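Chemist: Here it is: the structure, laid out below.
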Amino acid sequence: MSRTFSILKPDATRRNLTGKINAVIEEAGLRIVAQKRVKLSTAQAEAFYGVHKERPFFGELVGQMTAEPVVVQVLEADDAVPKYREVMGATNPEQADEGTIRKLFALSIGENSVHGSDSDENAAIEIAQFFTDAEIVG
Ligand code: GDP
């Protein structure tokens, strides 16, 4: 078993899609072993997306991520990181495969409904930004 970190983004919580997205996650065989709804501060969003600091869309991304609450999650499965990336679909929803979360729900490349870690190493870093070990119940 391995873990990945997930965020249901503001465009999803704003449209009341938490349950629908969680259903896709669970039907794909990922277990939600920790979850909470939080409102990110600008400092938290800037730190989380620090790798994109120099990109032209950084300000817009931070603005979108702090506009409304998000749901942060830890997901568990065999090969959780690649599995969830597959369930999420491509970053740009126009390129996402049928049945993926982004194909089903995303509005645009910026408002693309979900985040998922891109490596086991980053998953561990991202999980630790939001959850203590005691809050993760597998
Ligand atoms: P991900 O791992 O599939 O989420 O994609 P990236 O790590 O490349 O980008 C992180 C997030 O930045 C994406 O999920 C988008 O929300 C946002 N993003 C990436 N590219 C663009 C872009 O060209 N325009 C805008 N507005 N946002 C973008």
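Chemist: For the peptides 15-22, 72-79, what is the packing order when you average, over each peptide's residues, the other Cβ atoms within 10 Å and list the highest mean first?
Modeler: 72-79, 15-22
Chemist: Using a 1.4 angstrom probe on the protein heavy atoms only, line up Ser41, Ser117 by accessible area, largest first.
Modeler: Ranking Ser41, Ser117 by accessible area, largest first, yields Ser41, Ser117.
Chemist: State the Cα centre-to-centre distance between the range 59-74 and the range 82-120 in whole Å.
Modeler: 15 Å
Chemist: Between Glu60 and Val38, how many nm apart are label points set 7 Å from Cα along the C-beta direction?
Modeler: If labels sit at Glu60 and Val38, their model points lie 2.6 nm apart.
Chemist: Additional query: Run the accessible area of the range 1-91 with a 1.4 Å probe and give the carbon-and-sulfur part as a rounded percent.
Modeler: After summing per-atom areas, the C and S share lands at 48 percent.
Chemist: Straight-line reach from Lys39: which lysines have Cα under 19 Å away, leaving out those fewer than 8 places along the same chain?
Modeler: Partners within reach: Lys9.
Chemist: Rounded if a/c is under 1.5, else prolate if a/b beats b/c, else oblate: with a ≥ b ≥ c from the C-alpha gyration tensor eigenvalues square-rooted, which is the range 62-105?
Modeler: Oblate shape, in that a/c is at least 1.5 and b/c is the bigger or equal ratio.
The values are calculated or read from the model by the stated rules, or taken from the named source; none is laboratory data. These figures come from a predicted structure and were not determined experimentally. Heads up, the Cβs are rebuilt from the backbone with ideal geometry, glycines too, and the neighbour counts pull from every protein chain shown. For the accessible areas, the whole protein counts, side chains as well, though only heavy atoms, and no ligand, DNA or RNA atoms are used. Shrake-Rupley method; radii C 1.70, N 1.55, O 1.52, S 1.80 Å.
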